[in-house]
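K.L.:
First the structure, then my questions, so here it is.
Bear in mind that the values in this text are calculations on the coordinates, not laboratory data. Here the structure is a predicted model, which means the values were calculated and not measured. Counting neighbours? That spans all protein chains shown, and the Cβs are built from the backbone with ideal geometry, glycine included.
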Amino acid sequence: MSEEIFAKVKQIKEEIENAQPQGAEAIEQFRIRYLGSKNILKPLFGEIKNIANERKKEFGQLVNEVKQVAEAQLEALQAGQQDAADQNEASHLDLTAPAKQMQLGAKHPLSITMERIINIFERIGFNIEEEREIEDDWHNFTAMNTPEDHPARDMQDTYYLKDSTEMLLRTHTSSVQARVMKREKPPIRIIAPGRVYRNETVSARSHCQFHQVEGLYIDENVSFADMKQTLLYFAQEMYGKDVKIRLRPSFFPFTEPSAEMDVYWGLETEDDYRITKGTGWLEILGCGMVDPNVLENCGIDSKKYSGFAFGMGIERQAMLLYGINDIRLFFENDIRFLEQFKSAR
Ligand code: DAH
């Protein structure tokens, strides 16, 4: 009886040694058959009782040996399988094939325009200040000398936060002027780029969100002539050395005197007539000498210091530079629009 069982085990051992399963599926079958939880060696243990006592140990050793053979065999099979896979992949590699095309991104036209403006002012020593878009009424209006009953404060024009009469989405980057003056001592020379919000009907010409770059220069003896020269330099760098500018008197609560600056765009095409309303001139910014009230509101001695400020819209300038005729395009993220700026800088 014992002999039969021993023979069976030896037969299984031989079977294992001769097995040549091909492919992952067959190898798995091999594993299940000889090493799985219901492998074919298991039932043999049930027959141990039929083996003479003095041979029980021998039987145990033999079964163990078979198990080890199966394990070694499985390991070898799996390694061979991996090699085959690697080789297969290598044989599919065509080292002469052209590389995959890299997808180049494009900068947003507003970013390009903004960066150009920032670069120009950085070169003459202006520092960049970025500030919060959610502002309080004081920095956005009160500090900037805008009276309580000014129409800009109206819910119609300003987005206030829900249930608040205090917190709002800044309506202009001029709020950064107040923030900087409160925390720094003159000389102050900064520009503040960023997004602003106004409750306006969205159309091809205007949007409820847009971008501005604010400028502020405060020191002793700063004059209107300094401002004009700075803005002329900016216009020349932005629009070319022979650009023409003009300053028209205007009004802003935070500057006195105030002006608006136009650049001469020309009257060569139909579009030029339309964009400039037939004058050839295009308004690009508001500016002026900082009102002494604003300096005092922010803790700066208006007898000792004076300064100029300006604020310009970015969308308008980007539209001019790139011939874009609808402001809404900037905010739609249409890839067909954005892709056109791949080579722009
Ligand atoms: N904050 C003004 C606006 O949004 C623009 C402006 C005008 C800013 C004159 C200034 C300034 O700093 O001096 O329309």
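K.L.:
Could you run through the range 154-178 and say how many residues are within 16 Å of the ligand (Cβ to nearest atom) and either buried (at least 18 other Cβ atoms within 10 Å of the Cβ) or among the small types (Gly, Ala, Ser) (or both)?
P.N.:
Number satisfying all stated conditions: 12.
K.L.:
If you don't mind, another one. Within the bounds of the range 131-152, is there any residue that is among the β-branched types (Val, Ile, Thr) and under 30 Å from GLU237 (Cβ atoms)? Reasoning before the result, please.
P.N.:
The first filter runs over the range 131-152 and keeps only residues among the β-branched types (Val, Ile, Thr), leaving 134, 142, 146.
Remaining after also requiring under 30 Å from GLU237 (Cβ atoms): none.
No, the range 131-152 has no match at all.
K.L.:
Filter the range 293-338 for residues that are out of contact with any strand residue (DSSP E or B) (no Cβ under 9 Å at 6 or more places or on another chain) and among the polar types (S, T, N, Q) and give the result.
P.N.:
ASN297, ASN325, ASN333
K.L.:
How many residues does the range 273-292 contain that are of a type outside the set (Gly, Ala, Ser), more than 16 Å from the ligand (Cβ to nearest atom) and in contact with a strand residue (DSSP E or B) (Cβ under 9 Å, 6 or more places away or on another chain)?
P.N.:
Step one: of the range 273-292, the residues of a type outside the set (Gly, Ala, Ser) are 273-277, 279, 281-285, 287, 289-292.
Keeping just the survivors that are more than 16 Å from the ligand (Cβ to nearest atom) gives 273-277, 279, 281.
Keeping just the survivors that are in contact with a strand residue (DSSP E or B) (Cβ under 9 Å, 6 or more places away or on another chain) gives 275-276, 279, 281.
Of the residues in the range 273-292, 4 are of a type outside the set (Gly, Ala, Ser), more than 16 Å from the ligand (Cβ to nearest atom) and in contact with a strand residue (DSSP E or B) (Cβ under 9 Å, 6 or more places away or on another chain).
K.L.:
Please give the number of the condition ALA106 fails out of (1) more than 30 Å from ILE335 (Cα to Cα); (2) of a type outside the set (Ser, Thr, Tyr); (3) in a loop (DSSP other than H, G, I, E, B); (4) more than 16 Å from the ligand (Cβ to nearest atom).
P.N.:
(1)
K.L.:
Could you give me the residue pairs with C-beta distances under 8 Å whose first residue belongs to the range 218-234 and is touching a residue at least 12 places away in the same chain (Cβ under 8 Å), whose second residue is part of a helix (DSSP H, G or I) and surrounded by 16 or more Cβ atoms within 10 Å (Cβ to Cβ) wherever it lies, and which are 6+ apart or on separate chains?
P.N.:
Every condition considered, the pairs that remain are ILE218/MET181; ILE218/LEU295; TYR233/ILE120; PHE234/ILE117; PHE234/ILE120; PHE234/PHE121.
K.L.:
Name every residue in the range 228-259 that is within 11 Å of the ligand (Cβ to nearest atom) and surrounded by fewer than 18 Cβ atoms within 10 Å (Cβ to Cβ), in order of residue number.
P.N.:
SER250, PHE251, PRO253, GLU256, PRO257
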